[in-house]
1. Identify the residue in the range 219-229 that is part of a loop (DSSP other than H, G, I, E, B) and either surrounded by 14 or more Cβ atoms within 10 Å (Cβ to Cβ) or touching a residue at least 60 places away in the same chain (Cβ under 8 Å) (or both) and, among all such residues, is farthest from the chain's Cα centre (by Cα).
2. Condition first: in contact (Cβ under 8 Å) with a residue 60 or more places away in the chain and of a type in the set (S, T, N, Q). Now tell me which residues in the range 120-170 satisfy that.
3. Return yes when Y149 is at pLDDT below 95, in a loop (DSSP other than H, G, I, E, B) and crowded, with 16+ Cβ neighbours inside 10 Å and no when it is not.
4. Within the range 171-186, is there a residue that is surrounded by fewer than 19 Cβ atoms within 10 Å (Cβ to Cβ), among the acidic types (D, E) and in contact (Cβ under 8 Å) with a residue 60 or more places away in the chain?
5. Hey, among the residues in the range 230-277 that are of a type outside the set (A, V, I, L, M, F, W, C), touching a residue at least 24 places away in the same chain (Cβ under 8 Å) and in a loop (DSSP other than H, G, I, E, B), which one's surrounded by the most Cβ atoms within 10 Å (Cβ to Cβ)?
6. Which members of the range 264-277 meet the condition of being under 31 Å from the mean Cα position of the chain (by Cα) and aromatic (F, W, Y)?
7. Only residues in the range 61-89 that are surrounded by fewer than 13 Cβ atoms within 10 Å (Cβ to Cβ) count as the first member; pair them with residues that are outside any loop (DSSP other than H, G, I, E, B) and among the basic types (K, R), Cβ under 7 angstrom, at least 6 apart or cross-chain, and list the lot.
8. Is it true that V50 is among the β-branched types (V, I, T) and modelled with pLDDT of 90 or more?
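The values are calculated or read from the model by the stated rules, or taken from the named source; none is laboratory data. Here the structure is a predicted model, which means the values were calculated and not measured. Quick reminder, even Gly has a Cβ in these numbers, built from the backbone with ideal geometry, and neighbours come from all protein chains shown.
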Amino acid sequence: MLKKLISMLALFALLLSAAAAEQDQPRLIEAEAGETAAMQIRSLESDAAVGILGVESEPQQRRWEDFSTVFTIFVKKNWDEDVQFSDAVWSNGRWLHFLDMGYVTIQVETTDNTADGLIREVTLTGFVKECIPDVQVLTGAAYWAAAQYGEYGKYVMQIVFMEDHAQDWFTKEPLPLWIENGYQLAYGMNDRDRPYGRITFAEDLPIAGGYVPFDPDGMESIHPEQSVEGLLARLKAAAENGPMSSFVTAPVLPETWQNAMDGRMYQIKWDDCTLILYTDGKGEILRIATLSCLSGDTVSACMHLFPLYDAIVRPDTDEQAFLPCITGGHGAWEDMCALSPFCVMDGVMLQCDVQTIGENELPVAYICGAVEK
């Protein structure tokens, strides 16, 4: 049971002021019997403790650029860390931005992929249960960036920032703690027993743009065109110096190929994986790539897939660190397969799946062009 957080002098004075000028003060949302409340105040009528769950206020939409700016400044000021969110990624019908802080991943859902996109939901997930304090505090920072709460919310955030609530806030069922300006703050434990904080906007904001789900029978060529030689050179560099360099080698293009899809199909043995490249008729331009892991090891599949997708979609930057964030930083292959598509970056789609060969189910991934809605 939460400690009773009653009668800080400043708050009590604020309540007296509200009683004197009720028309100028927001109405507080009182907790029902059995509901957990972060804030408890002294009732002016009965002198009893009253749990408060939020402030009745009109929803105030928050732009992505404003949210990300406030959050990154807040983190820099309080933790002396420079952080940067990813660009918008399309995943399973949503626009998402990601931030990997090493121990906590942050996923921000917006209405579109522009600076003016509105915040629909923010989810912070810890890698292990011991990350609860970090999740609790960072979610408070994200809530400030999204909700822009007033005096009552500031009091609740003091509790979020300064008190340990690992035992009572992080429950199997989401625990709503505060709502203001349309943004609901909640904590919980997911089905993998990892802590999360979630901020959800009260209104169903429509999503603009995006791409159609993956179609295995209608895969499009990757655009803009990229050379096979350049792709293999980038994979070689990743195998020598990339984050997966201890686990992968550099694939080598064979001299033989088969005719397929009005072009060539190169089948490449790549550690315990098979990489298939579909090219133009001269074997120079990449059209589609598929990767399957013959050992059935989904960890190895990811170690090869992430640098492969990164080398195709953004050859001049390193975005593969954000890919695990799509499933909260700890998703299994089945979680990745459940998303259609798993992701789209710069018009290049990645879809994960499972193929059955005999009695074995092997992880397979497809990289192709995406079709806009």
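1. Going through the range 219-229, the residues part of a loop (DSSP other than H, G, I, E, B) turn out to be 219, 221-225.
Right, trim to either surrounded by 14 or more Cβ atoms within 10 Å (Cβ to Cβ) or touching a residue at least 60 places away in the same chain (Cβ under 8 Å) (or both) and you get 219, 221-223, 225.
On the way: M219: 26, S221: 27, I222: 25, H223: 26, E225: 29 Å.
Out of the qualifying residues, it is E225.
2. Listed by number, the residues that qualify are T123, T125, Q136, T139, Q148.
3. On the way: at pLDDT below 95: yes; in a loop (DSSP other than H, G, I, E, B): yes; crowded, with 16+ Cβ neighbours inside 10 Å: yes.
Considered against the rule, which asks whether it is at pLDDT below 95, in a loop (DSSP other than H, G, I, E, B) and crowded, with 16+ Cβ neighbours inside 10 Å, Y149 comes out as yes.
4. no
5. To start, the set of residues in the range 230-277 that are of a type outside the set (A, V, I, L, M, F, W, C) comprises 230, 234, 236, 240-243, 245-246, 249, 251, 254-256, 258-259, 262-264, 266-267, 269, 271-272, 274.
Then keep just the ones that are touching a residue at least 24 places away in the same chain (Cβ under 8 Å); that gives 230, 234, 242-243, 251, 263, 266, 271-272.
Those left that are additionally in a loop (DSSP other than H, G, I, E, B): 242-243, 251, 271-272.
Details: G242: 20, P243: 14, P251: 22, D271: 18, D272: 15.
The qualifying residue surrounded by the most Cβ atoms within 10 Å (Cβ to Cβ) is P251.
6. Matches in the range 264-277: W270 only.
7. As it stands, the answer is D82/K76, since those pairs meet every condition given.
8. Values: among the β-branched types (V, I, T): yes; modelled with pLDDT of 90 or more: no.
The answer is no for V50.
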